[in-house]
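> To start, I am sharing the structure in question, which I have written as structure tokens.
The values are calculated or read from the model by the stated rules, or taken from the named source; none is laboratory data. Everything numeric in this text was worked out from a predicted model, so none of it was measured. Reconstructed Cβ throughout: ideal geometry from the backbone, glycine too, with neighbour counts over all protein chains shown. Side chains are part of the model used for accessible areas, which takes the heavy atoms of the whole protein and leaves out ligands, DNA and RNA. Shrake-Rupley method; radii C 1.70, N 1.55, O 1.52, S 1.80 Å.
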Amino acid sequence: MFERLTRSLIAVVFGAVLAVSLLSVSSFSALAQSTGAITGTVTDAQGLVIPKAAIAVRNQATGEERTTSTDSAGLYLVPSLLVGKYRVEAKSSGMQTLVVNDLDVSAGTTTRQDFKLTVSATTQTIEITAAAPIIDTTTTTVGDVINQQTVQQIPLNGRHFVDLALLVPGTVTPPANGFLTAPLRGQGSFAFNSAGARESSINYLVNGINLSDPNQNQVTFQPTINTIEEISIDNQTFDAQYGRNSGSTVIIATRQGTNQVHGELYEFLRNYFFDARNFSNPTYISSSAGLVPNPQSPFIRNQFGGDVGMPFVKNKFFGFFTYEELRQRQSVPLSATTLTAAQRSQIMATSDPAVQGLLSLIPQPNSGTNQFVGSAVAPVNIYQGTTDETWVINSANRFNFYYAIQRDQRNEPPSTDGNSFPGGGDMRNGHREILTLNETWVPSANWVNEARLGFNRILITFFADQQIPSSQFGINNGGVGTIPQVTVSGAFTFGGISGFPQGRGDNVEVLSDTVSWVHGNHSIRFGGEFRPQNSDNFSATPGTFTFASIAAFTADQATSFSSNTGNRSNRSYADALGAYFTDAWKITPTFTATLGLRYDWYGTPYEAENRFVNFNLATDELVRVGTAGGPSDLYNQSALNFQPRIGLAWDPFKNGKTVLRSAYAIMTDQATLGLGTGNAGNPPFALPVSFSPSSTTPFVTLENAFTLAGGTI
């Protein structure tokens, strides 16, 4: 209890410090999350540096302008810039003014733009168009930026932003049966594999706010492509400002309004009229009458919506809004062995009432003597809206608000849950949100503060289509309500779904602050982050029966039974604190050393009512976590998460075409809340029972299974 109170006190104090910093000064970031920076050197015609040259940077879409000057080494750095195209002007007394237009600034990157000024007796200005740099010579990060043109215009089946990660070197196509990478029907994949890391080690950030699910660490949901301006994926050796995960960091910068009114309406259509048949959906099927035509399973997908961006006040206040719907209608082919007419007659003549009652859930054969061929409808509906407002308060302050909400409804066919026949699927409903608030304050030319506040939330529920009470058939599966999932080995599986119903509501709040200080040839950043998170879970199961054969099913002789009754709900909580310091030291104009240190404290998950129960190997007993006689924590966790980051980047030929990088980093992963969910399924809060055959009891029946398995209610 004392340790928990201490943790809470630390969290409150740290949160208060960050809250104060939001109102005053606080944390550092030369190129912070979801923003970029411009750097370069100003020299004369002989290559000598020009100190105190005036630099003006102007966002060409919004008119926002920042000014600075070069230091004694002729270097300048303008951090914390919104993603977009910029006009950069360099001028010095007695020299020609040089202007570069259309300079791209990307999320999480530093764009280099050098100037060479010549002596001029007049106030002559030369304007040129920026050329995209071949490679980034200023950072040690290995990754890539997927720019706005690619995000918006690439043909992308399903329009899921996570699929764009496959464009980045080091990312591989995941296996079809991946843990988090397996695509969901109509919703795409929620993770990817990159740089040899696990898919559960990726950190997703939208405008600097975490978008990762705390229960499994997949992306909470996929914002529509139309709300994304740019995606930056850092595969490895990123600097100390990024923590929480050791894998790739995905930085998403959202689209914002500009001084121009622009919008679009769209619809993307897929239709089985244009598609080839699925392998499991043959043109003909065999029957007692021979080969008969088999209709193609329908598939219709309509994805439509629109967006609009506009200025409310020119150069001051902008908005960008999107809405998108997905309506997918898919008929999934089913093919399975079923009972013959003779077997059905035998069941009605000799089996007990429980088996006879289950016959109503087993379809008649329609192909040959014992085959069922059909389909199950799997509709998906998704509704998503976003709003993004930016307010340029003055030349020193900018505020951004972004909010996205999604509701989704998905029906999975029986094959997803291991069942064979229509009526054996499930319904999955979701409610997902993310909110980001960003305030950028520039108190002077070499100080920038970025404060961020936001959350992401998800509520999902899974319910089996089959909701018939087990009591209606006389099945004794522990009184959990619906009928169990029944497997007849070598033939078919039908009934309920093991593990359903279930659901969870996850919340992650984020309060962070980053300060950038440009001091000579040092770009210093420091900051901190506080992330409270929780997950509310519920689950139940109707149990499972396994029969060795159709004959065993007819005789009601099950060789396996499992069930878990009781209350397995839990409310898990865990806080996290992070702080870092990093210095990008430009030793020469072509050689940069990045030195940093990060510390993360990950709170051990705890349950609101101490419903986590561990198994003590030493005493061979179950013990409740957080109670007298039990362990104080769910598991032991290190508090020594110090993470040094060292990186070197060198442009040996000084032409921006070759860069040598070397880096070293220690990185850590925050454990997911899902690690403890199963511990709430142990006695005394739940009663897991199972039956295995023995010489004295070789089988159980549908009517006595729970009793013989040792269960009592």
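> How many residues are within 30 Å of Thr68 (Cβ to Cβ) and not in a strand (DSSP E or B) when one looks only at the range 491-531?
First pass over the range 491-531, keeping only residues within 30 Å of Thr68 (Cβ to Cβ): 510-529.
Imposing the further condition that a residue be not in a strand (DSSP E or B) reduces the set to 520-521.
Of the residues in that region, 2 qualify.
> Residues being assigned to a strand (DSSP E or B) and either on the phi > 0 side of the Ramachandran plot or open to solvent by less than 90 Å² (accessible area, probe 1.4 Å) (or both): count how many of those fall in the range 271-304. Break it down stepwise before answering.
In the first step, residues of the range 271-304 are kept if they are assigned to a strand (DSSP E or B); the result is 271, 284-287, 290-293, 299-304.
Retained after the next criterion (residues that are either on the phi > 0 side of the Ramachandran plot or open to solvent by less than 90 Å² (accessible area, probe 1.4 Å) (or both)): 271, 285-287, 290, 292, 299-304.
Looking only at that region, the number is 12.
Condition check ((1) surrounded by 19 or more Cβ atoms within 10 Å (Cβ to Cβ); (2) closer than 27 Å to Arg432 by Cβ) across all residues:
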position	(1), (2)
Pro469	no, no
Phe473	yes, no
Gly495	yes, no
Gly520	no, no
Ser539	yes, yes
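> Just wondering, is there one or more residues in the range 223-235 that are small (Gly, Ala, Ser) and touching a Gly at 6+ places or on another chain (Cβ under 8 Å)?
As a first pass, look at the range 223-235 and keep what is small (Gly, Ala, Ser): 232.
Add one more test, that the residue is touching a Gly at 6+ places or on another chain (Cβ under 8 Å), and what stays is 232.
Taking every residue of the range 223-235 in turn, at least one turns out to be small (Gly, Ala, Ser) and touching a Gly at 6+ places or on another chain (Cβ under 8 Å).
> Within the bounds of the range 78-89, is there any residue that is of a type in the set (Ser, Thr, Tyr), closer than 28 Å to Ile233 by Cβ and within 31 Å of the chain's Cα centre (by Cα)?
So the first thing to find is which residues in the range 78-89 are of a type in the set (Ser, Thr, Tyr), and the list is 80, 86.
Filter once more, so that each one left must be closer than 28 Å to Ile233 by Cβ: 80, 86.
Subsequent filtering for residues that are within 31 Å of the chain's Cα centre (by Cα) retains 80, 86.
Yes, there is a match, as at least one residue in the range 78-89 is of a type in the set (Ser, Thr, Tyr), closer than 28 Å to Ile233 by Cβ and within 31 Å of the chain's Cα centre (by Cα).
> While we're on this one: Which one is nearest to Gly243 (Cα to Cα) among residues in the range 611-642 that are of a type outside the set (Ser, Thr, Tyr) and in contact with a Gly (Cβ under 7 Å, 6 or more places away or on another chain)? If you could, list the steps in order and put the result at the bottom.
Going residue by residue through the range 611-642, those that are of a type outside the set (Ser, Thr, Tyr) are 611-618, 620-626, 628-631, 633-634, 636-637, 639-642.
From what's left, in contact with a Gly (Cβ under 7 Å, 6 or more places away or on another chain): 612, 623-624, 634.
Numbers: Phe612: 28, Val623: 34, Arg624: 32, Leu634: 23 Å.
Only one residue tops the list, namely Leu634.
> Given the residues Ile434, Ile460, which is the only one that is of a type outside the set (D, E, K, R), under 29 Å from the mean Cα position of the chain (by Cα) and buried (at least 21 other Cβ atoms within 10 Å of the Cβ)?
It is Ile434.
> When the range 111-130 is examined, which residues are found to be open to solvent by less than 70 Å² (accessible area, probe 1.4 Å), under 28 Å from Thr254 (Cβ atoms), modelled with pLDDT under 85 and not in a loop (DSSP other than H, G, I, E, B)?
none
> Does any residue in the range 596-613 that is in contact (Cβ under 8 Å) with a residue 24 or more places away in the chain come within less than 8 Å, Cβ to Cβ, of a residue that is open to solvent by 20 Å² or more (accessible area, probe 1.4 Å) and acidic (Asp, Glu) six or more places away or on a different chain, and which pairs are these?
Every condition considered, the pairs that remain are Gly596/Asp239; Gly596/Asp583; Gly603/Asp575; Thr604/Asp633; Tyr606/Asp633.
> Pick out the one residue from Arg66, Arg7 that is charged (D, E, K, R) and modelled with pLDDT of 90 or more. Write out each step before concluding.
Values: Arg7 fails: modelled with pLDDT of 90 or more.
Exactly one of Arg66, Arg7 is charged (D, E, K, R) and modelled with pLDDT of 90 or more, namely Arg66.
> Here's something else I'd like to know. Kindly establish whether Asn476 is modelled with pLDDT under 95, of a type in the set (S, T, N, Q), more than 26 Å from the chain's Cα centre (by Cα) and closer than 24 Å to Tyr242 by Cα.
Working: modelled with pLDDT under 95: yes; of a type in the set (S, T, N, Q): yes; more than 26 Å from the chain's Cα centre (by Cα): yes; closer than 24 Å to Tyr242 by Cα: no.
In short, no.
> Here is a follow-up. Return the residues of the range 209-262 that are of a type in the set (A, V, I, L, M) and farther than 15 Å from Ala191 by Cβ; say none if nothing qualifies.
Initially, the range 209-262 is screened for residues of a type in the set (A, V, I, L, M), giving 209, 211, 219, 225, 228, 231, 233, 240, 250-253, 261.
Selection gives Ile209, Ile225, Ile228, Ala240, Ile251, Ala253, Val261.
> Next question, about the same structure. Which members of the range 691-713 meet the condition of being touching a residue at least 60 places away in the same chain (Cβ under 8 Å) and assigned to a loop (DSSP other than H, G, I, E, B)?
Selection gives Ser692, Pro693, Pro698, Phe699, Thr701, Leu702, Glu703, Asn704, Ala709, Gly711, Ile713.
> Here's a follow-up. I'm trying to understand the selection: among the residues of the range 371-404, which are out of contact with any Leu (no Cβ under 9 Å at 6 or more places or on another chain) and closer than 29 Å to Pro311 by Cα? Break it down stepwise before answering.
Quick first cut of the range 371-404, residues out of contact with any Leu (no Cβ under 9 Å at 6 or more places or on another chain) only: 371, 377-379, 385-389, 391-397.
Those that are out of contact with any Leu (no Cβ under 9 Å at 6 or more places or on another chain) and closer than 29 Å to Pro311 by Cα: Gly385, Thr386, Thr387, Asp388, Glu389, Trp391, Val392, Ile393, Asn394, Ser395, Ala396, Asn397.
> So which pairs qualify, if the first residue must be in the range 112-133 and under 28 Å from Asp651 (Cα atoms), the second must be at pLDDT 85 or above and surrounded by fewer than 12 Cβ atoms within 10 Å (Cβ to Cβ), the Cβ gap must be under 6 Å, and the two must be at least 6 apart or on different chains?
What qualifies is Thr118/Ala45.
> Let me ask another. Can you give me the number of residues within the range 477-493 that are among the polar types (S, T, N, Q) and open to solvent by less than 40 Å² (accessible area, probe 1.4 Å)?
Keep residues of the range 477-493 that are among the polar types (S, T, N, Q), which gives 477, 482, 485, 487, 489, 493.
The next check asks that each one be open to solvent by less than 40 Å² (accessible area, probe 1.4 Å); those that pass are 477, 482, 485, 493.
Residues in the range 477-493 being among the polar types (S, T, N, Q) and open to solvent by less than 40 Å² (accessible area, probe 1.4 Å): 4 in total.
> Which members of the range 670-701 meet the condition of being touching a Leu at 6+ places or on another chain (Cβ under 7 Å) and among the hydrophobic types (A, V, I, L, M, F, W, C)?
Scanning the range 670-701 gives Phe691, Val700.
> Restricting the search to the range 563-572, which residues are surrounded by 20 or more Cβ atoms within 10 Å (Cβ to Cβ) and assigned to a strand (DSSP E or B)?
Ser563, Asn564, Thr565, Asn570, Ser572
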